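Q: First the structure, which I've put down as structure tokens, then a few questions once you've had a look.
The values are calculated or read from the model by the stated rules, or taken from the named source; none is laboratory data. Keep in mind that this is a model prediction, so the values were computed, not measured. Note that we place each Cβ from the backbone using ideal geometry, even for glycine, and neighbour counts take in every protein chain shown.
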Amino acid sequence: MIRAMSKEQRPVVKRTLTETLFTVFMRLMAVACFYFGLRYWDLVIGFTTHGALRFDVLKLPWRTVSATLAVLYPIIALGLWMGASWGVVLWLAAAGGEVLMHTLWRDTFGGDDLLISMHVSVACLYAAFRLGLIIERRSRDRVTLDSL
């Protein structure tokens with residue numbers, strides 16, 4: 001016979017404000033990446049442009065980038081939503097690629113200063129969250145004379 005655990009036996013996980021805000025931030029990033037994935041799929045199939053920018057009429061660099069990012073961004077969204085580290089790594093690769101596209105290869109892909117500033121600001125905010133979480137964990141794990 002299996003008995004249900006009573007309320008007193010369940011472990012209570014208390015999350016700090018920083019951890020909760022970081023989780024919300026990662027979920028918002030996931031929603032944004034899913035939107036970017038839909039945007040690239042729209043570019044591939046030419047839905048909103050009435051076929052003017054379909055995959056078959058794009059130049060080769062745009063074909064490569066749009067096909068890659070159309071597949072990659074939904075996967076990134078899944079990884080970020082789950083909080084997996086590979087989601088962040090893939091996002092950094094995709095965001096870095098897009099920043100390079102619109103800065104280093106501006107002649108081929110055109111400039112998109114809003115996208116560049118968005119990727120850079122999100123990366124800085126992510127780094128600030130990670131730094132805050134590291135500092136919070138170190139202060140929690142620090143052994144003091146009072147705890148001995």
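Q: Of the residues that make up the stretch 138-148, is at least one under 27 Å from L28 (Cβ atoms), surrounded by 13 or more Cβ atoms within 10 Å (Cβ to Cβ) and not aromatic (F, W, Y)? First the steps, then the outcome.
A: Of the residues in the stretch 138-148, the ones under 27 Å from L28 (Cβ atoms) are 138-140.
Still in the running and surrounded by 13 or more Cβ atoms within 10 Å (Cβ to Cβ): none.
No, the stretch 138-148 has no match at all.
Q: Hey, another quick one. Of all the residues that make up the stretch 63-78, how many are in contact (Cβ under 8 Å) with a residue 40 or more places away in the chain, within 16 Å of the chain's Cα centre (by Cα) and surrounded by 19 or more Cβ atoms within 10 Å (Cβ to Cβ)?
A: Filtering the stretch 63-78 down to residues in contact (Cβ under 8 Å) with a residue 40 or more places away in the chain leaves 65, 73-74, 76-78.
If we keep only those that are within 16 Å of the chain's Cα centre (by Cα) as well, we get 73-74, 76-78.
With the extra rule that they be surrounded by 19 or more Cβ atoms within 10 Å (Cβ to Cβ), the set shrinks to 73, 76-77.
So the answer is 3.
Q: In the set L53, L60, L28, which member is exposed (fewer than 12 other Cβ atoms within 10 Å of the Cβ), of a type outside the set (S, T, N, Q) and either free of Cβ contacts under 8 Å to residues at least 12 places away in the same chain or within 23 Å of R106 (Cβ to Cβ) (or both)?
A: Numbers: L53 fails: exposed (fewer than 12 other Cβ atoms within 10 Å of the Cβ); L28 fails: exposed (fewer than 12 other Cβ atoms within 10 Å of the Cβ).
Selected residue: L60, the only one of L53, L60, L28 that is exposed (fewer than 12 other Cβ atoms within 10 Å of the Cβ), of a type outside the set (S, T, N, Q) and either free of Cβ contacts under 8 Å to residues at least 12 places away in the same chain or within 23 Å of R106 (Cβ to Cβ) (or both).
Q: Could you tell me which numbered condition L125 fails, if it satisfies all but one of (1) surrounded by 11 or more Cβ atoms within 10 Å (Cβ to Cβ); (2) free of Cβ contacts under 8 Å to residues at least 40 places away in the same chain?
A: (2)
Q: Please work out which residue is surrounded by the most Cβ atoms within 10 Å (Cβ to Cβ), limiting yourself to the stretch 39-50 and to residues that are touching a Phe, Trp or Tyr at 6+ places or on another chain (Cβ under 9 Å) and more than 14 Å from E98 (Cβ to Cβ). Working first, answer last.
A: Narrowing the stretch 39-50 to residues touching a Phe, Trp or Tyr at 6+ places or on another chain (Cβ under 9 Å): 39-41, 43-47.
Okay, now just the ones that are also more than 14 Å from E98 (Cβ to Cβ), so 41, 44-47.
Details: W41: 17, V44: 20, I45: 14, G46: 16, F47: 13.
Residue satisfying both the conditions and the ranking: V44.
Q: Go through the stretch 51-73 and report how many residues are of a type outside the set (D, E, K, R) and outside any helix (DSSP H, G or I). Break it down stepwise before answering.
A: Taking the stretch 51-73 and keeping what is of a type outside the set (D, E, K, R), we get 51-53, 55, 57-58, 60-62, 64-73.
Of the ones still in play, those that are also outside any helix (DSSP H, G or I) are 51-53, 58.
Qualifying residue count, the stretch 51-73: 4.
Q: So, one more: What single numbered condition from (1) of a type outside the set (D, E); (2) modelled with pLDDT under 85; (3) buried (at least 17 other Cβ atoms within 10 Å of the Cβ) fails to hold for F36?
A: (2)
Q: Could you go through the stretch 39-50 and let me know if any residue there is within 28 Å of F129 (Cα to Cα) and either of a type in the set (A, V, I, L, M) or outside any loop (DSSP other than H, G, I, E, B) (or both).
A: Yes, because at least one residue in the stretch 39-50 is within 28 Å of F129 (Cα to Cα) and either of a type in the set (A, V, I, L, M) or outside any loop (DSSP other than H, G, I, E, B) (or both).
Q: For the stretch 74-148, give me every one of the helices (runs of 4 or more DSSP H) that falls completely inside it and has 3 or more residues that are among the acidic types (D, E).
A: On the way: elements: 85-103, 106-109, 113-141.
Here the list reads 113-141.
Q: Among (1) surrounded by 15 or more Cβ atoms within 10 Å (Cβ to Cβ); (2) of a type outside the set (F, W, Y); (3) modelled with pLDDT of 95 or more, where does L92 come up short?
A: Result: L92 fails condition (1) only.
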